[in-house]
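*Asks:* Quick one: the structure is below, questions incoming.
The values are calculated or read from the model by the stated rules, or taken from the named source; none is laboratory data. Everything numeric here is computed off the predicted structure, so don't read it as measured data. As a convention, Cβ positions derive from the backbone with ideal geometry for all residues, glycine included, and neighbour counts pool all protein chains shown. All accessible areas refer to the heavy atoms of the entire protein, side chains included, with ligands and DNA or RNA removed. Shrake-Rupley method; radii C 1.70, N 1.55, O 1.52, S 1.80 Å.
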Amino acid sequence: MRSRFLLPLLLLSLSAARADERADTLATKGEQALASGLWAIAAGHFDECLKIQNLDPATQAKVTLGLVEAWIREGKAAEAIELVKALPESLNQEATFWKGQAQLALGAFQDAVTTLTPLAEAPDSRFHAEAGFTIASLLLSLGNEAAALDSLARLAKSADPAVATKAKLREVEIMLDLGRTAEAREIMPDSAGIAATETPLATFLEAQLLLAEGKPEDATTTFRSLIEQPVGQTLLHYHATAVGLADALLASGKPDEAQTFLLTFIGEHPESPLLDAMFKRILAWLPEKPAANDPVLERLTEWISPPTFPSTGPLDTLAPGAVAAWPVVAETNDLQTFAIYIRAVGLLRVGTPETSHQARQLLTRLRLENPGHFLADRALFETARSDLENGKTESAFHALNSLIESANSPALRGEAAFLEALQNHHNGDNQLAIKLFDQAAALLSNEAATAARINAAVIRLKEATGGRTPEILNPQENRKLSSELQLERALSLRDPREALTAIEAFLISHPTHPRAAEARLFAAQAALTTAKPDLSYAKAQLATLDSSGANNLDPLQLQLVRLRIEDLSGDPKTTIATARDILKTYPENPETHKAAFILGRNLFETRNFNEARLVLEKLANSETHPQRAQAALLLAARSSALVPTSQSQQEALTLFDKVIAQKSELAPVAFLEKSRLMIDMNRLTEATSFIRGWFDTLPPTDPIHLPAGLLLGEAIYAQGSVNPESLQQALAVYDELLLHSEKFPSIRNRIQYLRGRTLEQIPDPENPQKTKEKQAFQAYYSVLETDTTPAEWHHFELCGFRALALLEKAGRWPAAIACARKIASFNGPRAKEAATRASQLQLKHMIWED
């Protein structure tokens, strides 16, 4: 009778075995994904594993730890902290360690230090060393070098030689940064006791020590050995080695060699994380008055590609990214951006009218193509300074006022205020000069702030009458402002990461400061304005502000940060909803223009063109900031142009005219887009007249000359079916453009394709029954006569295959085969097609090699 109980028991046993097997499989997959850096995949496996009922406690704890780690690395640190609470008491150390890591990921550095300290101070803890090194790094990030060194000093006494050596090397690194060379040398461990994994870092630090000790030749030798043997080095240290070698060569009295090496290294590593440090040196090493053909300035041109022209294709093919603050935004290229800026500054130093004009073009291009780069504001500042030197006071003041109002860097806003104050004082407007000097003093720090205050005081003294006491800052006031200066110094740092670290240091030193919440809000804003916005960090700062109940902050600013996060997260539906809520809640606040623009742009990108047009046109009419108003108006015109009704497109033409009438930097873009729309509307005669009147005023060196000419040629060419003379006129336009396209190979390929297409339709005067196919073939084939990789493939291969078609039409089989093979030799997108065609022609016409 007992057998009736055996089957259920057996089934239960098999079910449990299958569950255990599935749990093991999921856990293994999770661990493999975690080891491969696939955080989301790992989290999915671990999460699914934890849903298995009656999971073995040991497996559950192990998988929970894996999920905690995966979530932290995936950016879900807040969820990880909650999950840590579910760990059993037997895993208290693990729970504490990962809680600290989660706090670190959330940007709560001080909380992480507090959490990890018990582990670091317990020598028998499994996480003793790792927690200690983490705490040292956190304290260093908070600007507390002394505490970081204390933490490392404890680790340096570890019984584990590897831990002790690693700690000493970190101590040396910090002391070198602090300029404490003698102490760093005393701590530097002997090379015999350094593990192989730490040898590259130790060698790098030894080279840094030698350079700091005034032994540049020995430092050069050591740095060079690292450059020649990069194996085992981190990317950052390898590139820091290059900077160190350049510094050592300079200190050895070899400035030319230092400069040449650094330029070569940049060329070989265009995506270096230390481009800023490298280009700072290149700028510092430039002569105060370089020659126009200075080798360094010439070398920089190699990294500056031809300008990215606005699209002349149909409007609705414009990339969504082209509707940001500047309507035509290229993908950020740090190397090109730095090269443009340094070359522009160098050309300004040359000081001739021609080089100054070239510099202004470069600075304008930098701002237009890279509006989010920190050098964009600096480029505008250099433009303003150049304008002042050339007597263009009105345009200079316009630029400086723009910087004072909206530059991301408080230091740069201060510099702009200082420069404008000097000019106003020179112009005799002392009251405005005093106001601007005071403003500069509030934004700048250290000597610069003092200089601004002194200048304001001196002017007040000159203006004083009736024994009035000048308002000069006294030492006691300086002490009272020490905390303010610390925060301002943090806010003035150009590098966003450095600024965030400095802000954390400010919060440690002044945790109850009235502006602590403001600092966190700025940190979030800074994280969102970097070239690669740090959304996780910004979210963490907002979470901290929410939990602390920061009631002294402007709720609108908080909402705008949240809106920016949603916008950058690529969530247009939520972004649109939040922007609408802001506009509804704060209808009269001028700050809502930011929300209005984001709303309009997201509506545009989601193809809600009619609503986008209404929002943006309203913004353009109410916005007081000229540049933002013009950008909104231009995007409103684009939106209207894309509504498929004749009335809306006619209204778009009117809006484009308004942008053009303002004669701003956006006017050329509006000219181009109005021209494009008129062609698309088939108003060809009117478009030709409009574009011709504008094109004839453009010098060949103007960056808009080529795209405007291409539109003019297109408008004229499109009339060829009803007016054959139009083809000859279009060809004349393309011939003119060809003369000025030498430096723009991608545009040159396009022009040759358009010339060939036009020539194929123009009758041959010698044989009116035929067209100018010979000249067309020459135009097409000319693009293949190069030994370099094409700058673009589309028109390059169109020309190649059209040349091949003409050869086949003429029955010139050997030439056609050679042409097809030449196309294939470039290994472009259609290389296989060209090679196949060559083989087919060879077999069909039995043309064999000798």
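*Asks:* Which of the lysines could be linked to residue 51 by a straight reach, that is with a Cα gap under 23 Å, when you skip same-chain ones fewer than 8 residues away?
*Replies:* Counting by Cα, and skipping residues close in sequence, residue 51 has these lysines nearby: 29, 62, 76, 85, 99.
*Asks:* Wrap a convex hull around the Cα atoms of segment 604-696, take a quarter of its surface area, and give that in square nanometres.
*Replies:* 5.7
*Asks:* Which aspartates and glutamates have a Cα less than 13 Å from the Cα of residue 532, not counting those fewer than 8 places away in the same chain?
*Replies:* Within the straight-line cut-off, residue 532 pairs with 331, 334, 495.
*Asks:* Could you calculate the contour length gain from residue 406 to residue 28, that is, 0.36 nm times the residue separation minus the distance between their Cα atoms, to one decimal place in nm?
*Replies:* Result for the pair: 130.9 nm of gain on full extension.
*Asks:* Please list 3J(HN,Hα) in residue order for segment 626-631, calculated via the Karplus relation 6.51 cos²θ - 1.76 cosθ + 1.60 where θ = phi - 60°; whole Hz, with x for glycine and proline.
*Replies:* Each residue of segment 626-631 in turn: x, 5, 5, 5, 5, 5 Hz.
*Asks:* Express in nm, to one decimal, how much length is gained between residue 454 and residue 698 on full extension, taking 0.36 nm for each residue of separation and deducting their alpha carbon distance.
*Replies:* Contour length minus Cα-Cα distance gives 83.1 nm.
*Asks:* May I ask you to evaluate 6.51 cos²θ - 1.76 cosθ + 1.60, the Karplus curve with θ = phi - 60°, for each residue of segment 774-790 and list the ³J(HN,Hα) values in order in whole Hz, giving x for glycine and proline?
*Replies:* 4, 5, 5, 4, 4, 5, 4, 6, 4, 6, 7, 8, 8, 9, 9, 5, x
*Asks:* Under 18 Å between alpha carbons, and skipping anything fewer than 8 positions from residue 157 in its own chain: which lysines qualify?
*Replies:* 166, 168
*Asks:* By how many degrees, between 0 and 90 and to the nearest 10, does the Cα long axis of helix 430-443 differ from the longest principal axis of the chain?
*Replies:* Here the helix axis deviates by roughly 50 degrees.
*Asks:* Taking the C-alpha atoms of segment 218-316, how large are the radius of gyration and the largest Cα-Cα span, Dmax, in Å?
*Replies:* 16.9, 61
*Asks:* Can you give the alpha-carbon Rg of segment 711-826 over 2.2 N^0.38 Å, where N counts its residues?
*Replies:* It is 1.07.
*Asks:* Could you work out [θ]222 nm for the chain from helices alone, using -39500 (n - 2.57) per DSSP H run of at least four and dividing by all its residues? Round to the nearest 500 deg cm²/dmol.
*Replies:* That comes out to -23000 deg cm²/dmol.
*Asks:* Could I ask something else about it? Excluding same-chain pairs closer than 8 in sequence, count the lysine pairs in segment 725-850 whose Cα atoms lie under 20 Å apart.
*Replies:* Close lysine pairs under the 20 Å cut-off: 9.
*Asks:* Moving to a separate point now. Using only the alpha-carbon atoms, what does the chain span along each of its principal axes? Please give whole angstrom values in decreasing order.
*Replies:* Result, largest extent first: 115, 98, 66 Å.
*Asks:* Another question about this same structure. Please compute the per residue accessible area over the chain with all protein chains in place, 1.4 Å probe, rounded to a whole number of Å².
*Replies:* So the chain comes to 49 Å² accessible per residue, rounded to a whole number.
*Asks:* Further question on the same structure: May I ask you to give the percent of accessible area on the chain that is carbon plus sulfur, with a probe radius of 1.4 Å?
*Replies:* So the carbon and sulfur contribution to the accessible surface is 53 percent.
*Asks:* I'd like the trypsin sites (Lys or Arg not before Pro) in segment 82-167 restricted to DSSP loop residues with at most 14 other Cβ atoms within 10 Å, sorted by number.
*Replies:* Taking segment 82-167 and a limit of 14 other Cβ atoms within 10 Å, the loop trypsin sites (Lys or Arg not before Pro) found are 85, 126, 157.
*Asks:* Could you pull out every residue, at least 5 positions away or on a different chain, whose amide H is within less than 5 Å of the one on residue 764? Hs are placed 1.01 Å off N in the peptide plane, and Pro or chain starts have none.
*Replies:* 770, 771, 772
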